[in-house]
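Report on the structure given below.
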Amino acid sequence: MLRTALPGPRSRRLQQRRDAALPHGLGVTLPVFVDRAGGGVLVDVDGNHLIDLASGIAVTSVGASAPAVVSRVREQAGRFTHTCFLVTEYDGYVEVAERLNALTPGDHPKRTALFSTGAEAVENAVKIARAATGRPGVVVFDHAYHGRSMMTLAMTAKEVPYKSGFGPFPGEVHRAPYAYPLRWPGGPGDCAEQALAALRELLDRVGADTVAALVVEPLQGEGGFVVPAPGFLPGLERIAREHGIVLVADEVQAGMGRTGTLFACEHEGIVPDLVCTAKALGGGLPLAAVTGRAELMDAVGPGGLGGTYAGNPVACAAALGVLEMLADGTLLQRARRIEGIVRDRLEPLADELVTVAEVRGRGAMMAVEFVRPHSPDPDPDPDTNPDPDPDPDLARAVAARCHAEGVVTLVCGTYGNVVRLLPPLVIPEDLLREGLDVLVAAIRSAS
Ligand code: PLZ
């Protein structure tokens, strides 16, 4: 429900102040200033109601003002906002850790350390894996995104805009192909097997016994919402075990219920050694965690882990509200229901339009990948996948049309040609359908 063209006059005035006060390096998807939000709606300062299909990049899964989160935050902030857990302690931290130890895959003894951001969780997972193995190497994947700190930038694949101009980055980071079925040169059939063979080759080349950690997003986020070919994740687990490499699941974007299971690696039943969570964990407050095998987590000496704000008490209170809301499984079911609704509405477009290469994802983490129509190959090779030519202009145009109509969608992908949907799990169905109607119309007209 829009009252003005977007951005409205108040947002435009604030944007002018922003432009004068902030550096250009801070991008923005939709230059609209928000006044309040919740239930899948963002209300801007001009009174426009926007449909939220982004959740602040997979953060507000339980809603942007969920009572279970807000009441706990108020209560905790009224008692104290901070002590630094390294100075004096509070029970919320321990309770979040106990819950994550119980909820993450595997029934081995576990420990959890809390941090503030996803990048910090991933960095600390690398530190823990190095301390535990005494090895330096880190293996990551094509299209990976792990954060914006120096080590996680080294691990992130995409050069522009994340890495360019910021190097040199820390070394000992090796990159293997991710089992991306749509873009696998040999076609989707052998994708998992061939990607695993490529990883084995890489490990032979660098020496598997120099590798501390294999860090993988069980469903890639910024890289394009890539669901790995079936068998890839179990293969990684096998290879990691074989070589004493610590398997780290970066569940920062896909975890905490987003894909219809609490953790995305559950879809293939793998048990990572360390699990990184953030985003939805804190219900909008900055909280991140590394949860994993007790013997690995305990390999770091006293004082080796921490941070001034790591595991902030208000953020822990918020997380306990989130965990309570996720506990009975209703929201996981909602995520799966959202997948069904999105597939029913979008999959027909893949048959209808040559520009829609694929509709994919899991749960409430769904995406459309756009390509340029090929001129027919006069001499097609039946053994290779004709690499579909990414169309970032089309993805941008689709997102821009959605934005103009007040539907917040995000673009992602190494080639910028994927429009992704991350609605809050609590979004009312009619609102989701309304947002999808706008998206479908945008895809049709921009194609
Ligand atoms: N690992 C899998 O998706 C954050 C990035 C937004 P932080 N993704 C959103 C941007 O452009 O900065 C992410 C992720 C995965 C790690 C991270 C990093 O999490 O909380 O942003 O540090």
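The values are calculated or read from the model by the stated rules, or taken from the named source; none is laboratory data. For clarity, every value in this text was computed on a predicted model and none was experimentally measured. Cβ: placed from backbone, ideal geometry, glycine included. Neighbour counts: every protein chain shown. Surface areas here come from the heavy atoms of the whole protein model, side chains and all, with no ligands, DNA or RNA. Shrake-Rupley method; radii C 1.70, N 1.55, O 1.52, S 1.80 Å.
A few notes on this one:
- As a summary of the residue check, Ala179 satisfies the conditions (1) in contact with a helix residue (DSSP H, G or I) (Cβ under 8 Å, 6 or more places away or on another chain); (2) over 27 Å from Leu296 (Cα atoms); (3) open to solvent by 30 Å² or more (accessible area, probe 1.4 Å) except for the one numbered (3).
Conditions tested, residue by residue: (1) part of a helix (DSSP H, G or I); (2) within 16 Å of the ligand (Cβ to nearest atom); (3) under 27 Å from Glu120 (Cα atoms); (4) open to solvent by less than 10 Å² (accessible area, probe 1.4 Å).
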position	(1), (2), (3), (4)
Gly189	yes, no, no, no
Ala197	yes, no, no, no
Val215	no, yes, yes, yes
Val226	no, yes, yes, yes
Pro234	yes, no, yes, no
Glu237	yes, no, yes, no
Val248	no, yes, yes, yes
Arg258	no, yes, yes, yes
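- For the range 148-159, a residue qualifies if it is within 12 Å of the ligand (Cβ to nearest atom) and either among the acidic types (Asp, Glu) or open to solvent by 40 Å² or more (accessible area, probe 1.4 Å) (or both), and the qualifying residues are Arg148, Lys158.
- Test: residue in the range 307-315 that is within 16 Å of the ligand (Cβ to nearest atom), closer than 27 Å to Thr330 by Cβ, within 18 Å of the chain's Cα centre (by Cα) and of a type outside the set (D, E, K, R): no
- Any hit, the range 347-354, residues being touching a Leu at 6+ places or on another chain (Cβ under 9 Å) and at pLDDT 95 or above: no
- Flag if Thr308 is of a type in the set (Ser, Thr, Tyr), assigned to a loop (DSSP other than H, G, I, E, B) and over 24 Å from Ala240 (Cβ atoms): yes
- Of all residues in the range 210-233, those that are hydroxyl-bearing (Ser, Thr, Tyr) have Cβ atoms under 7 Å from Cβ atoms of residues that are open to solvent by 10 Å² or more (accessible area, probe 1.4 Å), 6 or more apart or on another chain, in Thr210/Arg135; Thr210/Pro136.
- Meets criteria (within 12 Å of the ligand (Cβ to nearest atom), farther than 21 Å from Arg205 by Cα and modelled with pLDDT of 95 or more) for Ala132: no
- Residue check: Pro230 meets all listed conditions (1) open to solvent by less than 10 Å² (accessible area, probe 1.4 Å); (2) away from the ligand (no atom under 16 Å from the Cβ); (3) within 27 Å of Pro185 (Cβ to Cβ) but one, namely (1).
- Subset of the range 101-127 that is within 17 Å of Gly307 (Cβ to Cβ) and away from the ligand (no atom under 16 Å from the Cβ) - its residue that is farthest from the chain's Cα centre (by Cα): Arg111
- Applying the criterion of being of a type in the set (D, E, K, R) and within 25 Å of Pro230 (Cβ to Cβ) to the residues of the range 268-315, the residue that is most open to solvent (accessible area, probe 1.4 Å) is Glu268.
- Val252 vs. criteria in contact (Cβ under 8 Å) with a residue 24 or more places away in the chain, buried (at least 24 other Cβ atoms within 10 Å of the Cβ) and within 16 Å of the ligand (Cβ to nearest atom): yes
- Test: residue in the range 51-59 that is assigned to a loop (DSSP other than H, G, I, E, B), surrounded by fewer than 19 Cβ atoms within 10 Å (Cβ to Cβ) and touching a residue at least 40 places away in the same chain (Cβ under 8 Å): no
- Output for the range 7-30, where each listed residue is open to solvent by 40 Å² or more (accessible area, probe 1.4 Å) and in a loop (DSSP other than H, G, I, E, B): Leu22, Pro23, His24, Gly25, Leu26, Gly27, Val28, Thr29
- Scanning the range 80-97 for residues that are surrounded by 13 or more Cβ atoms within 10 Å (Cβ to Cβ), outside any loop (DSSP other than H, G, I, E, B) and out of contact with any strand residue (DSSP E or B) (no Cβ under 8 Å at 6 or more places or on another chain) gives Gly92, Val94, Glu95.
- Qualifying positions in the range 32-44 - open to solvent by less than 40 Å² (accessible area, probe 1.4 Å), at negative phi and in contact (Cβ under 8 Å) with a residue 12 or more places away in the chain: Val32, Ala37, Val41, Leu42, Asp44
- Qualifying residue in the range 66-88 (condition: in the same structural domain as Leu287 (by TED's automatic domain parsing), touching a helix residue (DSSP H, G or I) at 6+ places or on another chain (Cβ under 8 Å) and within 16 Å of the ligand (Cβ to nearest atom)): no
- Condition check for Tyr162: within 11 Å of the ligand (Cβ to nearest atom), within 21 Å of Val411 (Cα to Cα), surrounded by fewer than 20 Cβ atoms within 10 Å (Cβ to Cβ) and at pLDDT 95 or above: yes
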